[in-house]
1. Could you work out the helix-only [θ] at 222 nm for the chain, with each DSSP H run of four or more residues adding -39,500 (n - 2.57) and the total divided by the number of residues, to the nearest 500 deg cm²/dmol?
2. Among Ser42, Thr65, Ser101, flag the residue with its Cα farthest along the positive direction of the charge dipole of the stretch 32-106, charges on Cβ as +1 for Lys/Arg and -1 for Asp/Glu.
3. Kindly report the accessible area of the chain per residue (heavy atoms of protein chains, probe 1.4 Å, no ligands, DNA or RNA), in Å².
4. Put +1 on the Cβ of each Lys and Arg and -1 on the Cβ of each Asp and Glu in the chain; which of Leu5, Ile87, Leu133 then has its Cα farthest toward the positive end of the dipole?
5. Distance cut-off 28 Å, Cα to Cα: go down the list Lys39/Lys180; Lys31/Lys115; Lys31/Lys161; Lys24/Lys161; Lys39/Lys188; Lys39/Lys123 and report the pairs above it.
6. Share of the chain's accessible area from carbon and sulfur, percent, 1.4 Å?
7. Could you pull out every residue, at least 5 positions away or on a different chain, whose amide H is within less than 5 Å of the one on Thr195? Hs are placed 1.01 Å off N in the peptide plane, and Pro or chain starts have none.
8. If a helix is a whole DSSP H run, which ones in the chain reach 18 Å or further along their own axis (Cα) and hold a mean Kyte-Doolittle hydropathy of at least -0.5?
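The values are calculated or read from the model by the stated rules, or taken from the named source; none is laboratory data. Note that the coordinates shown come from a computational prediction; the quantities given were computed from them, not determined experimentally. So basically every Cβ, Gly included, is an ideal-geometry build from the backbone, and we count neighbours across all protein chains shown. Side chains are part of the model used for accessible areas, which takes the heavy atoms of the whole protein and leaves out ligands, DNA and RNA. Shrake-Rupley method; radii C 1.70, N 1.55, O 1.52, S 1.80 Å.
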Amino acid sequence: MDIILKNVSRSYQGYDGSKVEVIKDLSIEMKKGSVLRLKGPSGSGKTTLMNMISGLILPDSGSVTVNGVEISGLHESARDSFRAGNIGYIFQTFNLLSPFSVIENVYAPLAFAGKLPENYRQKALDILNEVGLTGLENRRPYHLSVGQRQRVSVARVLFLKPAVILADEPTASLDAVSAKTVYDSISKCRDNGSTIVLASHDTTFDGLTADAVLDLETGRVS
Ligand SMILES: Nc1ncnc2c1ncn2[C@@H]1O[C@H](COP(=O)(O)OP(=O)(O)OP(=O)(O)O)[C@@H](O)[C@H]1O
Ligand SMILES: [Mg+2]
């Protein structure tokens with residue numbers, strides 16, 4: 001199993017000090033290369049769940065195991081390096097590094113991990129071409145449109161070729177044509193064995209057959 005959540009719960013402290021439980025006693029198992037689609041209205045916990053799978057936040061109780069490693073039991077620095085090597089996260093809010101150029105953003109995670117491949121610049125340029133960003137490689141994120149920034153965040157994950165891809169509304173800012181290229185790239189990753197967790201309202205992704213659909217509103221898996 002590539003991703004195992006066991007009795008995971010997570011709450012946030014409300015502004016008035018009250019506890020709001022967003023994820024309640026959730027258990028799910030995903031095989032390598034499978035696709036889990038997350039459903040549920042705004043505020044139902046889709047991003048919270050992805051943040052736990054990536055180890056950016058911890059569950060209050062229960063365990064999260066990715067690629068055989070119980071990520072929820074690791075210290076922060078170990079979680080960070082595990083994420084860098086195994087998990088590609090297309091953030092809903094992009095999380096690009098503003099002092100760096102587009103191409104540097106694409107290869108930054110592997111550069112930080114000290115694992116840049118041979119010809120990494122050319123590989124990064126090829127991926128930028130795949131998502132339609134040729135010619136923009138030396139710009140800063142600040143000088144890009146929102147849709148272009150979203151595609152940089154997708155390119156960064158494609159460059160990683162990670163075991164697990166977390167895609168949080170990866171086409172929310174894109175037109176239909178750009179959305180289709182992102183869809184094609186993510187499908188290709190699945191064909192190459194990546195396990196995918198996808199939250200998207202975009203019907204472009206309906207072609208990516210989900211092995212399971214998790215409704216965060218009810219906590220049910222179908
Ligand atoms: N850091 C935080 N502190 C307090 N509450 C939070 C925090 N992050 C999220 N929440 C709350 O947790 C709930 C779930 O948020 P989350 O971002 O996971 O929802 P979502 O399903 O991704 O929504 P959307 O579709 O709008 O992206 C929301 O009610 C939100 O207000
Ligand atoms: Mg969200």
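1. Details: 6 runs with 72 residues, N = 222.
After summing the helix terms and dividing by the residues of the chain, the value is -10000 deg cm²/dmol.
2. Ser42
3. That works out to 49 Å² for each residue.
4. Leu133
5. Lys24/Lys161; Lys39/Lys123
6. Values: 5320 of 10820 Å².
Whole-percent figure for carbon plus sulfur exposure: 49.
7. Under 5 Å from the amide H of Thr195 lie the amide H atoms of Gly33, Val164, Ile165, each far enough along the sequence or on another chain.
8. Within the chain the helices that satisfy the rule are 146-160, 176-191.
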